[in-house]
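As structure tokens, the structure follows; a few thoughts come after it.
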Amino acid sequence: QVQLVESGGGLVQAGGSLRLSCAASRNIFSINTMGWYRQAPGKQRELVARMTSGGSTFYTDSVKGRFTISRDIAKNTVSLQMNSLKPEDTAVYYCYAVVMGSMYWGQGTQVTVSS
């Protein structure tokens, strides 16, 4: 089991940057995968980025080159640096973790990008 606490998010103008962080309640090396989903109003939740315990990363096409997922092992934290934000990035962002086949979620944080 793992608890996830998110921070970051907020309101930013198009072209700006935000950083989301997700603190896990256990050593992140014991977590198979951590990452971020997002859900915009009226849309399905979509995977944005993820990182495995081995350090492999994945990004959905729409954020490649703009978003970077990273981890701080000492703090058991995974972060998502979001640059060159666009209005279409507006959504609630959810941190998630996969531990022994079970999925856990953070509480979600709102990201709003104004044009």
- [ ] Could you tell me which residue of region 70-91 is farthest from TYR104 (Cα to Cα), considering only residues that are aliphatic (A, V, I, L, M) and within 10 Å of the chain's Cα centre (by Cα)?
- [x] MET82
Open item on the list: Step by step: first the residues of region 37-69, then only those that are of a type outside the set (A, V, I, L, M) and under 10 Å from the mean Cα position of the chain (by Cα), then the one that is surrounded by the fewest Cβ atoms within 10 Å (Cβ to Cβ). Which residue is that?
Closed with: THR68
Task: When residues of region 3-16 are limited to those that are over 16 Å from TYR37 (Cβ atoms) and assigned to a loop (DSSP other than H, G, I, E, B), the one most open to solvent (accessible area, probe 1.4 Å) - done: GLN3
Open item on the list: Suppose we filter region 17-31 for residues that are surrounded by fewer than 14 Cβ atoms within 10 Å (Cβ to Cβ) and at pLDDT 95 or above; how many remain?
Closed with: 2
Task: Some residue of region 108-115 being under 18 Å from GLN3 (Cβ atoms), surrounded by fewer than 18 Cβ atoms within 10 Å (Cβ to Cβ) and either touching a residue at least 40 places away in the same chain (Cβ under 8 Å) or not polar (S, T, N, Q) (or both) - done: yes
Task: Residues located in region 70-93, provided they are crowded, with 19+ Cβ neighbours inside 10 Å, closer than 12 Å to TRP36 by Cα and free of Cβ contacts under 8 Å to residues at least 60 places away in the same chain - done: VAL78, ALA91
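The values are calculated or read from the model by the stated rules, or taken from the named source; none is laboratory data. Note that the structure is a prediction, hence the values are computed from the model and not measured. No Cβ is skipped: glycine too gets one built from the backbone with ideal geometry, and neighbour counts run over all protein chains shown. Areas reflect the complete protein model, heavy atoms only, side chains present, ligands, DNA and RNA absent. Shrake-Rupley method; radii C 1.70, N 1.55, O 1.52, S 1.80 Å.
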